[in-house]
């Protein structure tokens, strides 16, 4: 069931809704992080990886490519989470474990972080990354006509922003995407502005409105899967439901999947499991 709208919640309630770490056992959280870090190190050694490829001039505008060893393979471009202010692509190399066994090349993107960069800067960098992949991935064995995008948490927001046409002026040419998958995402930034997350981001009311995909039209109408965990809380469920409702125009009405019993970090872990429910959704779109 979708929870009541955030504008009826006080700061303490919003803080609880968006504090994903506090929703799970602290020891379990530490184990998840340690396991994913180990898997990421192993992935960089296991696969044919091309690391730290620049897609722009910024220090963090780099991406890693995990190749399948085959020419003309499908490609997935992944944007990591971290509330737009933390984490790094190196902690997400394990995503290749979920995709390369299915002959899908995995591209993991770094982007500038807030508050050193603005939200506009983040989205613009992700546009550059996607355009770089579309223009160059063939040199690394990927098929530019079969590129999909995915993201978790803040990365899912960035995926939605790309589908909404991005921020560049003049607008970049709308990309030819095979599909998109947004996992555990945040698509309405107004409650973020009113929570502890904004203590570091510094989003204004206008910026929160400007970068909320639920208030924007979907420009790239490729198939879109929206995933959320049943144990992520009412606000995360509302965020996903409202994006699907806002973007129900034809063609390719978004598909919403609620994975019961899963939390923010168990879904993040599933990205590295080739037999998981999350990867199955990635394969279906």
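Values quoted throughout were computed directly from the atomic coordinates according to the rules given, and no laboratory measurement underlies them. None of these values were measured; they are calculated from a predicted model. Virtual Cβ from ideal backbone geometry, glycine too; neighbours counted across all protein chains shown.
Fully extended, how many nm does the chain gain between residue 30 and residue 102 (0.36 nm per residue separation, minus their Cα-Cα distance)?
23.0 nm
Take the alpha carbon atoms of region 1-115, find their radius of gyration, then divide it by 2.2 N^0.38 Å using N residues; give the quotient.
It is 1.31.
Which percent, to the nearest 5, of DSSP beta bridges fully inside the chain are antiparallel? Don't skip to the end; give the middle numbers.
Values: 9 of 35 bridges.
Around 25 percent antiparallel, to the nearest 5.
If I model a spin label at residue 53 and residue 88 as a point 7 Å from the Cα along the Cα→Cβ vector, what separation in nanometres do I get?
Each label point is offset 7 Å from its Cα along the Cβ direction, giving 2.0 nm.
Based on DSSP H runs of at least 4 residues, each adding -39500 (n - 2.57), what is the mean residue ellipticity at 222 nm of the chain after dividing by all its residues, to the nearest 500 deg cm²/dmol? If you can, show how the numbers build up before the last one.
Values: 11 runs with 104 residues, N = 285.
It lands at -10500 deg cm²/dmol.
Could you check what % of the DSSP bridge pairs in region 28-142 are antiparallel, to the nearest 5?
55 percent
Rounded, prolate or oblate for region 131-280? Axes are the square roots of the Cα gyration tensor eigenvalues, ordered a ≥ b ≥ c, and the cut-off for rounded is a/c under 1.5.
oblate
For the residue pair residue 21 and residue 234, what label-to-label distance in nm results when each label sits 7 Å from Cα along the Cα-to-beta-carbon direction?
2.5 nm
For region 147-214 and region 253-272, what is the separation of their C-alpha centers, rounded to whole Å?
Taking the Cα centre of each part, region 147-214 and region 253-272 sit 18 Å apart.
What fraction, in whole percent, of alpha-carbon pairs in region 95-168 exceed 14 Å separation?
Numbers: 1705 of 2701 pairs.
Tail fraction, whole percent: 63.
Please give, to one decimal in nm, the separation of the simple spin-label points placed at residue 138 and residue 196, each 7 Å out from Cα toward the Cβ.
The answer from the label model is 5.0 nm.
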